[in-house]
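See below for the structure under consideration.
The values are calculated or read from the model by the stated rules, or taken from the named source; none is laboratory data. Note that the coordinates shown come from a computational prediction; the quantities given were computed from them, not determined experimentally. All Cβ positions, even for glycine, are placed from backbone atoms using ideal geometry, and neighbour counts span all protein chains on display.
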Amino acid sequence: MAYSGWRIIREALTGNAGWAPVWRDPAPRDAYDIVIIGGGGHGLATAYYLAREHGLKNIAVVEKGYIGGGNVGRNTTIVRANYFLPGNSEFYSHSLKLWEGLETELNYNVMHSQRGLINLFHSDGQRDAFARRGNAMANQGDDAVLLDREGVRAHLPYLDFDNVRFPVYGGLLHPRGGTARHDAVAWGYARGADRRGVDLIQNCEVTGIDIEGGKVTGVQTSRGGIKASKVGIVVAGRSGQVAAMAGMRLPIESHVLQAFVTEGLKPCIDHVVSFGMGHFYISQSDKGGLVFGGDLDFYASYAARGNLPMKEHVMEAAMTLMPMIGKARVLRSWGGIMDMTPDGSPIIDKTPVEGLYIDCGWCYGGFKAVPGSGFAFAHLIAQDRPHDSAARLRMDRFAKGRGLMDEEGTGAQHNLH
Ligand SMILES: Cc1cc2nc3c(=O)[nH]c(=O)nc-3n(C[C@H](O)[C@H](O)[C@H](O)COP(=O)(O)OP(=O)(O)OC[C@H]3O[C@@H](n4cnc5c(N)ncnc54)[C@H](O)[C@@H]3O)c2cc1C
């Protein structure tokens, strides 16, 4: 069923009786050509592109909970392509281009809003760093505008420009950056994959990975064994645990990241804004809530909830930057489990086990990567060679120490990402 304005009018006039479920609810079959472990944004996008780009049909996505229940439905929805170093730059640039045609392609409203993202700077040194980053973005073919203090004031008049500790010096504007409705992205890819024959199997936890003679042969699940000659692991915060089922130890630690939303307010924040002197970023959702977040909780954990000290830290940063926020009431906060690599950058690679592939290490930036990651991982699984956009996202960079590519050029050190 294709969605359209006419369809909505027709359904409204006929009691909304014609809507069908957006995807089927199949029982797992005994065997598939490809099993994707994890029905988050990346797993669903991978299955979708396997079917659409490579014409493959006999695919299952195996999800231990429900579609959209993981990080894909827990993030602060920021979509951008403003990375500094090669490796990430071309990858996120490609991903943003896929975002820009996504709604038409999926025939699904993911509410992608390119409202512009502004990274603030508060010192001369930071200005230099952002000027370099803006030039790198422009070289990559993406958009970047360096704003002086008055340029920022024209966009964000509500900031505390003269804060004595952190006065605003200016900002780097990324006009094509913005937000998207996160769970709609999961639903849109799920619908697209299902329509192309992919089985989306929910409430089915993978408990083991079958390997014979160095080759993957299938997975064990809470709903029985499933045979497959190719298996993709795409489980975000659980990457370390699932990889261990195949005897692998990943260069990943799982940490908690929290997010917050206020009561609905009239439109007051038009952009995505990121503070340069504390970890704080904010945008306003289409429902009016101010959606914001900060840094990791900084202890390894598999709990999808956070602790009070980080809440306090985020609120302090918010009040420092925009004191008006103190009048808003926080409605909810929650946490997600982040798969942190030492350089804060992802891995899309083959594993030492033939037919077993892994896509992980998205840290706290994997939502914007959903289209690009799905596209590149599908390419790797289908063709056994990396897609150009993800050619540097190799696992062996951590063993060799070459090709590390953190977001800002600060170096590959755990507590910096
Ligand atoms: C608070 C917060 C804010 C964030 N903000 C942003 C942001 O603004 N912009 C941005 O780009 N990124 C952001 N992120 C990061 C982004 O959400 C993640 O990097 C991304 O969603 C991870 O990929 P995913 O969608 O596939 O993960 P998930 O949705 O977590 O998918 C993984 C799935 O694997 C399933 N799974 C795990 N183990 C098994 C198993 N054994 N068997 C079967 N299934 C299994 C899980 O149930 C889960 O559904 C944020 C994350 C959080 C938590």
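Worth a mention:
- Of the set (1) buried (at least 16 other Cβ atoms within 10 Å of the Cβ); (2) at pLDDT below 95, all apply to Arg305 but (1).
- Boolean, Ala31 is in contact (Cβ under 8 Å) with a residue 60 or more places away in the chain, in contact with a Lys or Arg (Cβ under 6 Å, 6 or more places away or on another chain) and over 25 Å from Gln258 (Cβ atoms): yes
- Residues located in region 33-53, provided they are surrounded by fewer than 24 Cβ atoms within 10 Å (Cβ to Cβ) and part of a loop (DSSP other than H, G, I, E, B): Asp33
This table checks each residue for (1) touching an Asp or Glu at 6+ places or on another chain (Cβ under 8 Å); (2) on the phi < 0 side of the Ramachandran plot; (3) in the same structural domain as Gly41 (by TED's automatic domain parsing).
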residue: Phe298; (1), (2), (3): no, no, no
residue: Ala318; (1), (2), (3): no, yes, no
residue: Met322; (1), (2), (3): yes, yes, no
residue: Ile325; (1), (2), (3): no, yes, no
residue: Lys350; (1), (2), (3): yes, yes, yes
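- Subset of region 290-312 [under 19 Å from Gln241 (Cα atoms) and out of contact with any helix residue (DSSP H, G or I) (no Cβ under 9 Å at 6 or more places or on another chain)]: Tyr299, Ala300, Ser301, Ala303, Arg305
- Residue tally, condition of a type outside the set (Gly, Ala, Ser), in a helix (DSSP H, G or I) and touching a strand residue (DSSP E or B) at 6+ places or on another chain (Cβ under 7 Å), over region 368-404: 3
- Answer from Gly237, Gly293 - the residue that is within 11 Å of the ligand (Cβ to nearest atom), under 22 Å from the mean Cα position of the chain (by Cα), under 18 Å from Thr341 (Cβ atoms) and modelled with pLDDT of 95 or more: Gly237
- Qualifying residue in region 308-323 (condition: touching a residue at least 24 places away in the same chain (Cβ under 8 Å), among the hydroxyl-bearing types (Ser, Thr, Tyr) and under 18 Å from Gly344 (Cβ atoms)): no
- Some residue of region 379-390 being free of Cβ contacts under 8 Å to residues at least 12 places away in the same chain and among the β-branched types (Val, Ile, Thr): no
- In region 48-72, the residues that are modelled with pLDDT under 95 and more than 18 Å from the chain's Cα centre (by Cα): Lys57
- Scanning region 54-105 for residues being more than 8 Å from the ligand (Cβ to nearest atom), in contact with a Phe, Trp or Tyr (Cβ under 7 Å, 6 or more places away or on another chain) and not in a strand (DSSP E or B) gives a total of 6.
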